[in-house]
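Contents: one structure, followed by commentary.
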Protein chains: 2
Amino acid sequence: MNSDELAAWLANSAIMISLPAALDARMQRESQMTFFEYMVLSVLSEEPDRTMQMSALAVRTSASLSRLSHVVGRLEKRGLLARSRIPGAGRRTNTTLTEAGYDVVVAAAPGHVAAVREYLIDSLEPRDLIALQRIGAAVDAAINHGRTTATSATTAH
Amino acid sequence: MNSDELAAWLANSAIMISLPAALDARMQRESQMTFFEYMVLSVLSEEPDRTMQMSALAVRTSASLSRLSHVVGRLEKRGLLARSRIPGAGRRTNTTLTEAGYDVVVAAAPGHVAAVREYLIDSLEPRDLIALQRIGAAVDAAINHGRTTATSATTAH
DNA sequence: AGGTAGAACTTGACGCATCAAGTTCATCTT
DNA sequence: AAGATGAACTTGATGCGTCAAGTTCTACCT
């Protein structure tokens with residue numbers, strides 16, 4: 001690697017390591033949940049009927065079905081969402097946000113947005129905001145060679 | 001958030017979530033160790049005497065002393081490194097890479113570099129390589145307000 | 001109609017991370 | 001010189017993530 005590549009890689013580890021750690025710690029402190037748990041609830045809350053099928057939710061949150069199943073199980077125990085089998089459709093299962101779950105997302109959202117701004121967005125110049133979109137898209141493409149993912153579904157091309 | 005900020009944030013999650021997952025999985029598969037374990041061994045291998053004090057190693061790897069202590073304990077059991085108290089200096093402890101540990105790093109390095117290239121570096125245009133340096137530095141600064149970190153120590157300012 | 005393949009989860013075991021608390025030194029204070 | 005403070009780790013409990021294996025349906029094949 002040449003020096004630009006090396007510097008880029010080192011700088012990248014701040015994004016890859018420190019950022020998620022900081023966001024996770026803050027979410028835990030302010031809202032007593034994991035960053036990933038928040039993602040799940042938040043994605044559900046944006047659906048018109050606050051419902052999504054497990055496998056679709058897994059894709060949207062970039063998680064394995066196994067991981068999602070564990071997490072949804074815990075969130076269900078806490079009463080934040082509920083599962084229901086879709087009849088006549090194999091093992092397909094819908095997950096629906098409860099009122100309590102919706103309230104939790106609404107309560108956590110401002111702190112989350114503030115954190116994302118504070119740690120990332122607000123310290124970037126406009127050109128770097130654009131660059132970050134390209135970089136993220138490139139990484140996504142390199143890892144998931146053309147499969148549909150959370151980022152690829154939302155990126156203009 | 002406006003649409004550029006939102007898009008940047010979404011793209012960012014590819015870097016924050018998919019990239020470490022991909023690198024970790026590959027390191028596990030190819031070299032039977034964690035990405036973080038590799039970092040520890042690799043950082044040590046770059047020191048002239050293959051030795052570093054625990055707390056310095058913690059800063060360089062962006063880990064808490066607790067996390068590092070656990071990991072170093074395991075690596076020591078595997079015979080990849082050794083700890084030794086520095087006499088007359090409180091609880092200060094040095095960690096030294098063993099020959100076996102050095103061999104492991106050397107064996108794992110090519111695969112690691114290839115992965116970093118494949119998933120990140122090689123899919124970026126030169127200008128984005130530079131942008132990534134700025135973005136990483138900005139994130140690092142926003143999170144660790146001025147404290148010395150792994151990235152801040154290696155970034156030209 | 002019976003059997004096979006495969007999609008969509010679920011489960012359990014195991015390993016790793018985090019947090020809070022504990023330990024062990026050295027140094028500073030009075 | 002005794003006690004307090006703080007630095008530098010270590011330890012243990014708890015919870016989350018991952019992987020491999022298991023379950024439960026549907027659909028296709030012949």
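The values are calculated or read from the model by the stated rules, or taken from the named source; none is laboratory data. Since the model is a prediction, treat every value here as computed from it, not as a measurement. Cβ placement follows ideal geometry from the backbone for every residue including glycine, while neighbour counts extend to all protein chains displayed. These area figures cover heavy atoms from the full protein model, side chains too; ligands, DNA and RNA do not enter into them. Shrake-Rupley method; radii C 1.70, N 1.55, O 1.52, S 1.80 Å.
For the reader, a short list of remarks on this structure follows.
- Some residue of segment B:83-103 being in a helix (DSSP H, G or I), under 17 Å from B:Ile15 (Cβ atoms) and modelled with pLDDT of 95 or more: no
- The set of residues in segment A:14-39 being among the hydroxyl-bearing types (Ser, Thr, Tyr) and either at pLDDT below 95 or more than 10 Å from DNA strand D (Cβ to nearest atom) (or both) consists of A:Ser18, A:Ser31, A:Tyr38.
- Single residue of segment A:1-13 satisfying the filter (open to solvent by 20 Å² or more (accessible area, probe 1.4 Å) and among the small types (Gly, Ala, Ser)) that is farthest from the other protein chains (Cβ to nearest Cβ): A:Ser3
- The residue of segment B:14-30 that is surrounded by the fewest Cβ atoms within 10 Å (Cβ to Cβ), among those that are more than 7 Å from chain A (Cβ to nearest Cβ) and over 16 Å from the mean Cα position of the chain (by Cα), is B:Arg29.
- Members of segment B:86-101 found to be near DNA strand D (Cβ under 8 Å from one of its atoms) and under 15 Å from B:Met52 (Cα atoms), listed by number: B:Ile86, B:Ala89, B:Arg91, B:Arg92, B:Thr93, B:Asn94
- Residue in segment B:115-140 that is farthest from A:Asp128 (Cα to Cα), counting only those that are touching a residue at least 60 places away in the same chain (Cβ under 8 Å), within 7 Å of another protein chain (Cβ to nearest Cβ) and not β-branched (Val, Ile, Thr): B:Tyr119
- When B:Ser55, B:Ser64 are checked against the criterion of being within 11 Å of DNA strand D (Cβ to nearest atom), of a type in the set (Ser, Thr, Tyr), more than 30 Å from A:Arg134 (Cα to Cα) and within 13 Å of the chain's Cα centre (by Cα), B:Ser64 stands alone in meeting it.
- Any hit, segment A:57-75, residues being more than 8 Å from DNA strand C (Cβ to nearest atom), free of Cβ contacts under 8 Å to residues at least 12 places away in the same chain and touching a strand residue (DSSP E or B) at 6+ places or on another chain (Cβ under 9 Å): no
- Being hydrophobic (A, V, I, L, M, F, W, C) and within 16 Å of DNA strand C (Cβ to nearest atom) holds for only one residue in A:Ala7, A:Ala11, A:Ala22, and it is A:Ala22.
- Whether a residue is in contact (Cβ under 8 Å) with a residue 24 or more places away in the chain and more than 30 Å from B:Arg127 (Cα to Cα) was assessed, and A:Met33 passes this test.
- Qualifying residue in segment B:104-114 (condition: surrounded by 15 or more Cβ atoms within 10 Å (Cβ to Cβ), more than 25 Å from B:Thr148 (Cβ to Cβ), away from DNA strand C (no atom under 11 Å from the Cβ) and free of Cβ contacts under 8 Å to residues at least 60 places away in the same chain): no
- The residue that is nearest to DNA strand D (Cβ to nearest atom), among those in segment B:67-82 that are part of a helix (DSSP H, G or I) and open to solvent by less than 70 Å² (accessible area, probe 1.4 Å), is B:Ser69.
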